[in-house]
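Worksheet for the structure shown next.
The values are calculated or read from the model by the stated rules, or taken from the named source; none is laboratory data. Computed from a predicted structure; not experimentally measured. Ideal geometry is used to build each Cβ from the backbone, glycine not excepted, and the neighbour counts take in all protein chains shown. The accessibility values were calculated without ligands, DNA or RNA, using every heavy atom of the protein model including side chains. Shrake-Rupley method; radii C 1.70, N 1.55, O 1.52, S 1.80 Å.
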Amino acid sequence: MTRDKKVLVVGGGGRCHAIVDALSRSPQVAKIWCAPGNAGIGLQAENVPLKDTDVAGLLKFAQEQGIDLTVVGPEAALSVGIVDAFRAAGLRIFGHTRAATRIESSKEFAKVLMDKYGIPTAAYRSFDGFEEALAYVNARPFPAVLKYDGLAAGKGVVIAANAAEAEAALRSMLLDETFGKGRVVVEDFLTGPEFSFMAFVDGERVYPMPLSQDHKRAFDGDRGPNTGGMGAYTGLPFITEEDRAFAQKEILEAAAKAMVAEGCPLSGVLYGGLMKTPDGVKVIEFNARFGDPETEVVLPLLESDIYDIFSAVAEGRPAAQPVWRNAVTLGVVLASKGYPGSYPKGFEIQGVEDVDARVYHMGTKLDGGRLLTNGGRVMMVVTEGADIRAAREKVYAELAKVRCDALFFRRDIAHWALDGKLLDGKALSGSIKEDLRERIGKLEVKYGRKPSLAVIIVGNNPASQVYVRNKVKTAIYLGMNSRLITMAEDVSEAALLEMIDHLNRDPELDGILVQLPLPKQINEARVIDAIAKEKDVDGFHPLNVADLWLGRPCTVPCTPKGILRLIDESGIDLQGKTAVVVGRSNIVGKPVAKLLLDRNATVIIAHSRTKDLKSVTLQADVLVVAVGKQNVVTGDMVKPGAVVIDVGMNRDAEGRLCGDVDYTEARLRASWITPVPGGVGPMTIAMLMENTVECFLARMDSK
Ligand code: AMP
Ligand code: GLY
């Protein structure tokens with residue numbers, strides 16, 4: 001094969017950089033030009049100072065240079081008919097004709113097409129009259145999806161939550177003509193994860209690319225304004241092969257056939273913006289081009305020669321099925337602070353040459369030897385890994401080498417793939433409580449009375465008040481008998497002990513709980529000792545503690561018991577794994593350690609001020625942190641893939657509840673992690689209820 005092909009790429013963002021990068025791996029390609037290109041593209045191609053919509057200029061350039069193949073990136077160039085003009089002049093070009101580009105440029109054309117050919121999408125109607133559109137929207141459930149019909153650079157879609165928002169949007173689309181004269185498509189609101197499915201398409205021939213997912217919102221947790229895309233990755237775990245095969249056949253191939261039948265065959269990239277709804281995969285939108293930033297994560301996986309694919313499609317002849325590497329990629333966009341609003345430009349970016357990953361430039365400029373920011377989205381760093389976690393670990397490590405104060409980026413790219421890994425104590429405790437409720441109903445029938453719990457609170461510490469009320473309320477919800485006994489702050493130890501003695505002898509009472517901490521005139525240990533072992537639902541009594549350590553039947557303390565349930569939820573097999581417990585309290589750290597030992601884990605109990613705590617926590621397959629101090633464990637102290645249980649309950653500087661673990665950072669490395677609140681806390685209450693039922697059963701059965 002001779003390296004003699006000359007290629008012109010039309011466009012200039014990160015997407016075109018990825019196309020240029022893929023072309024530069026072709027053994028046939030001798031030289032690449034890019035119009036207008038950018039600073040990064042300029043390292044791999046020769047930038048040509050022509051606008052992407054300057055069809056006449058581009059055509060002249062291609063003829064003069066003897067270009068073998070032109071590849072079009074942006075939709076703007078396609079919709080002004082660059083492909084039609086090049087073909088008329090007898091030049092080879094990869095991209096759709098103007099007529100075929102309508103699948104993207106006209107929302108109504110796409111909807112009619114899908115309707116006619118049975119391609120799954122949201123139900124819709126289209127309007128050009130304001131009154132008519134408003135009446136239709138108001139007669140249907142909210143939210144309503146309003147799409148301006150015409151290319152509006154992603155700004156043409158409004159999700160209206162209510163009638164007022166819908167009216168304002170319709171007014172600006174149909175009366176104010178903000179977007180130019182047009183029509184509005186009103187469609188039903190769909191739910192589910194969105195993903196992108198691109199394919200090279202030539203008439204009815206469809207060559208699928210790996211699936212990917214974009215992140216459109218500016219900030220972590222999918223918050224903030226919509227952007228052109230803040231990151232993307234491949235290897236979506238929530239889309240099954242069945243979903244993918246369905247989408248290929250019923251969506252991409254069906255659309256390709258439909259376009260042929262309509263007399264405007266596709267000859268470029270078809271991009272399906274899809275959603276996995278409860279009723280199956282449906283189309284949100286079609287694009288007639290490579291997606292951005294999806295292309296930057298998809299094309300690096302291509303092992304075949306992209307020049308072969310482009311030229312086959314451009315000539316309308318079959319291509320070999322493209323071969324893709326069996327790995328995943330993940331890319332994070334570095335954007336100018338202020339984007340997608342206004343932002344200053346021209347800041348120096350340093351350290352890019354140290355990045356050991358693909359760097360695609362989006363909006364950069366060279367000034368002498370200095371690299372400057374020159375756009376909203378500035379560059380994208382893309383890594384490859386055996387799995388998403390590995391790719392993400394690497395991308396953030398490489399990103400850290402880029403030095404520029406004027407940039408920001410999202411820390412949670414691929415969260416849709418990893419978010420399932422939340423150990424949701426609220427949900428788990430909810431289902432445990434529902435089971436208990438059912439069981440308690442049956443117990444009453446069988447034994448003729450309900451389990452019964454007494455909760456004693458001394459004084460009026462507000463946090464304790466909340467805890468005890470919650471416990472009593474839960475017991476009542478579950479159908480137990482429950483009483484709250486309130487004693488004054490200055491009550492004597494003797495009076496409290498007398499009350500406990502009284503409750504110990506009550507034959508109708510199964511559980512006694514004294515809310516800790518107690519005022520200083522009272523010796524806590526003596527109070528705990530006074531509770532009858534068989535009514536000690538907290539599992540704090542020395543006889544229960546002794547039995548736990550001796551491996552005899554006992555009441556297992558609530559928080560440790562709940563923690564083990566959460567660890568089990570992760571599905572980890574503890575046998576032979578290393579568990580690290582940070583915090584050595586009698587009510588959490590030590591009993592958790594014992595329970596983990598009983599499951600054949602290797603256990604390390606560590607003091608929070610252990611010298612080089614990080615080297616200890618980094619060994620943990622299971623990490624339990626129960627110290628009561630914010631950020632005892634930072635993200636870098638978590639072993640990748642660990643199960644992390646955060647028992648802490650603290651307030652941060654802004655007064656928000658937080659745990660002992662830096663959740664935002666740790667969840668990027670953990671395979672499973674508990675949130676605060678909503679992790680261990682709700683489990684403790686559920687276990688208290690379970691213990692009360694167990695104490696009840698033990699007493700009834702011993703009679
Ligand atoms: P589009 O410009 O068509 O990609 O729409 C922008 C975004 O609006 C999409 O990425 C979706 O998040 C959302 N969207 C569009 N149509 C719908 C729909 N029918 N139901 C729910 N969300 C939608
Ligand atoms: N990533 C969305 C698009 O390219 O339209």
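For every residue, the table says whether it meets (1) polar (S, T, N, Q); (2) over 22 Å from Leu516 (Cα atoms); (3) surrounded by fewer than 15 Cβ atoms within 10 Å (Cβ to Cβ).
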| site | (1), (2), (3) |
| --- | --- |
| Val458 | no, no, no |
| Asn461 | yes, no, no |
| Lys473 | no, no, yes |
| Leu478 | no, yes, no |
| Arg483 | no, no, yes |
| Ser492 | yes, no, yes |
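The set of residues from region 80-117 being over 30 Å from Leu146 (Cβ atoms), buried (at least 20 other Cβ atoms within 10 Å of the Cβ) and touching a Phe, Trp or Tyr at 6+ places or on another chain (Cβ under 9 Å) comprises Val83, Ile93, Phe94. For region 73-85, filtered to residues that are of a type outside the set (Asp, Glu) and within 16 Å of ligand 1 (Cβ to nearest atom), the residue that is farthest from Gly12 (Cα to Cα) is Ser79.
Looking only at residues in region 526-545 that are crowded, with 17+ Cβ neighbours inside 10 Å and acidic (Asp, Glu), the one that is farthest from Asp510 (Cα to Cα) is Asp538.
Within region 496-525, being exposed (fewer than 13 other Cβ atoms within 10 Å of the Cβ) and either of a type in the set (A, V, I, L, M, F, W, C) or in contact with a Leu (Cβ under 8 Å, 6 or more places away or on another chain) (or both) holds for one residue alone: Ala525. Residue-level check: of (1) modelled with pLDDT under 95; (2) touching a Ser or Thr at 6+ places or on another chain (Cβ under 6 Å), Val537 misses just (1).
Going by what's in this entry, would Gly539 be described as within 21 Å of Ser464 (Cα to Cα), in contact (Cβ under 8 Å) with a residue 40 or more places away in the chain and in contact with a Pro (Cβ under 7 Å, 6 or more places away or on another chain)? Answer is yes for this residue. The set of residues from region 394-420 being surrounded by fewer than 18 Cβ atoms within 10 Å (Cβ to Cβ), touching a residue at least 24 places away in the same chain (Cβ under 8 Å) and of a type in the set (Asp, Glu) comprises just one member, Asp405. The set of residues in region 259-303 being surrounded by 21 or more Cβ atoms within 10 Å (Cβ to Cβ), within 12 Å of ligand 1 (Cβ to nearest atom) and of a type in the set (Gly, Ala, Ser) consists of Gly272, Gly291. Within region 255-288, the only residue that satisfies the criterion of being assigned to a loop (DSSP other than H, G, I, E, B) and within 16 Å of ligand 2 (Cβ to nearest atom) is Ala288.
None of Ala35, Ala39 is part of a strand (DSSP E or B) and farther than 25 Å from Trp324 by Cβ except Ala35. Within region 163-203, being within 16 Å of ligand 2 (Cβ to nearest atom) and either modelled with pLDDT under 90 or open to solvent by 20 Å² or more (accessible area, probe 1.4 Å) (or both) holds for Pro193, Glu194. Applying the criterion of being under 16 Å from His17 (Cβ atoms) and basic (Lys, Arg) to the residues of region 334-384, the residue that is most open to solvent (accessible area, probe 1.4 Å) is Lys365. The condition of being at pLDDT below 95 and either under 24 Å from Ser464 (Cα atoms) or in a strand (DSSP E or B) (or both) holds for only one of Pro677, Pro640, that being Pro677.
Can you tell me which residues in region 1-27 are open to solvent by 10 Å² or more (accessible area, probe 1.4 Å) and under 32 Å from the mean Cα position of the chain (by Cα)? Those that are open to solvent by 10 Å² or more (accessible area, probe 1.4 Å) and under 32 Å from the mean Cα position of the chain (by Cα): Gly12, Gly13, Arg15, Asp21. Screening region 86-169 for strands (runs of 3 or more DSSP E) wholly inside it with 1 or more residues that are closer than 30 Å to Ile19 by Cβ, touching a strand residue (DSSP E or B) at 6+ places or on another chain (Cβ under 8 Å) and within 15 Å of ligand 1 (Cβ to nearest atom) returns the ranges 144-148, 157-160. Has region 522-534 got at least one residue that is of a type outside the set (A, V, I, L, M, F, W, C), touching a strand residue (DSSP E or B) at 6+ places or on another chain (Cβ under 6 Å), in contact (Cβ under 8 Å) with a residue 12 or more places away in the chain and in a helix (DSSP H, G or I)? No, the conditions are met nowhere in region 522-534.
Of all residues in region 448-494, those being part of a strand (DSSP E or B) and either in contact with an Asp or Glu (Cβ under 7 Å, 6 or more places away or on another chain) or under 20 Å from Ile528 (Cβ atoms) (or both) number 12.
The numbered conditions (1) in contact (Cβ under 8 Å) with a residue 40 or more places away in the chain; (2) surrounded by fewer than 16 Cβ atoms within 10 Å (Cβ to Cβ); (3) under 26 Å from Met380 (Cα atoms); (4) more than 15 Å from ligand 2 (Cβ to nearest atom) are all true for Gly224 except (1).
Between Arg244, Arg217, which is within 24 Å of Gly331 (Cα to Cα), within 13 Å of ligand 1 (Cβ to nearest atom) and among the charged types (D, E, K, R)? Answer to the check: Arg217.
Filtering region 552-571 for residues that are among the small types (Gly, Ala, Ser), surrounded by fewer than 18 Cβ atoms within 10 Å (Cβ to Cβ) and farther than 26 Å from Gly648 by Cα leaves an empty set.
Of the conditions (1) out of contact with any helix residue (DSSP H, G or I) (no Cβ under 6 Å at 6 or more places or on another chain); (2) closer than 16 Å to Val313 by Cα, Val7 satisfies every one except a single condition; which number is it? Failed condition: (1).
Criterion applied to Ala39, Ala77, Ala30 was being out of contact with any Leu (no Cβ under 6 Å at 6 or more places or on another chain) and either without any contact (Cβ under 8 Å) to a residue 12 or more places away in the chain or open to solvent by 10 Å² or more (accessible area, probe 1.4 Å) (or both), and the one residue passing it is Ala30.
Condition check for Leu423 on (1) over 30 Å from Asp220 (Cα atoms); (2) touching a residue at least 12 places away in the same chain (Cβ under 8 Å); (3) not basic (Lys, Arg): one failure, at (1).
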